[in-house]
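A short write-up of the structure that comes next.
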Amino acid sequence: VAETAGSIKVAVVVCLLRGQNVLLGRRRSSLGDSTFSLPSGHLEFGESFEECAARELKEETDLDIGKIELLTVTNNLFLDEAKPSQYVAVFMRAVLADPRQEPQNIEPKFCDGWGWYEWDNLPKPLFWPLENAVQDGFNPFPT
Ligand code: 8DG
Ligand code: MG
Ligand code: MG
């Protein structure tokens, strides 16, 4: 158990799949700067996971979600920050409402840009919570 009490937050993480590809962006953040991560954001009061995923994806990429479902949950401790935090990360799998829609970089302060990457050939370095999940065998593609 961590010695410093911090805050616990819920993050919703979107695995947006298109064919064999997943959408990733390079972070601009004090957490995991320059690493590749899935679109994500904080769950707001009253939201469902599905609503949060759709809202965050829209805010960050302007993309619209079609079918969406719950995949898994991970528990991530960020102790090296000025304010230690713990995230319960809820991973959702989604596909686009219109597969022809392309991502826009709506929040350039927080992301260098979005791109489609093959799961078997992911860019490096990955944001460490995602890297850990992958190391643990996480795979968002339907089997
Ligand atoms: P918001 O204030 O707009 O709601 O949130 P945000 O600014 O978009 O937050 P974010 O950093 O993009 O995502 C929320 C947090 O989710 C992030 O700081 C750390 C946490 N997180 C995990 N695991 C994972 C993961 O695998 N991928 C991503 N992208 N974030 C994760 O705990
Ligand atoms: Mg975000
Ligand atoms: Mg956000």
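The values are calculated or read from the model by the stated rules, or taken from the named source; none is laboratory data. Remember, it's a predicted structure, so these values are computed and weren't measured experimentally. Quick reminder, even Gly has a Cβ in these numbers, built from the backbone with ideal geometry, and neighbours come from all protein chains shown. Side chains are part of the model used for accessible areas, which takes the heavy atoms of the whole protein and leaves out ligands, DNA and RNA. Shrake-Rupley method; radii C 1.70, N 1.55, O 1.52, S 1.80 Å.
The residue of segment 2-15 that is surrounded by the fewest Cβ atoms within 10 Å (Cβ to Cβ), among those that are within 15 Å of ligand 3 (Cβ to nearest atom) and within 16 Å of Leu71 (Cβ to Cβ), is Val10. Within segment 120-132, being among the hydrophobic types (A, V, I, L, M, F, W, C) and either open to solvent by 80 Å² or more (accessible area, probe 1.4 Å) or out of contact with any Phe, Trp or Tyr (no Cβ under 6 Å at 6 or more places or on another chain) (or both) holds for Leu122, Phe127, Trp128, Leu130. Annotation note: of Thr61, Thr74, the sole residue that is farther than 19 Å from Glu44 by Cβ and among the β-branched types (Val, Ile, Thr) is Thr74.
Specify the residue that is nearest to ligand 3 (Cβ to nearest atom); the eligible residues are those in segment 20-60 that are within 16 Å of Gly115 (Cβ to Cβ) and out of contact with any helix residue (DSSP H, G or I) (no Cβ under 8 Å at 6 or more places or on another chain). Per the criteria, the residue is Glu60.
For segment 23-112, the strands (runs of 3 or more DSSP E) that sit wholly inside it and include 2 or more residues that are open to solvent by 30 Å² or more (accessible area, probe 1.4 Å) and within 13 Å of ligand 2 (Cβ to nearest atom) are 40-42.
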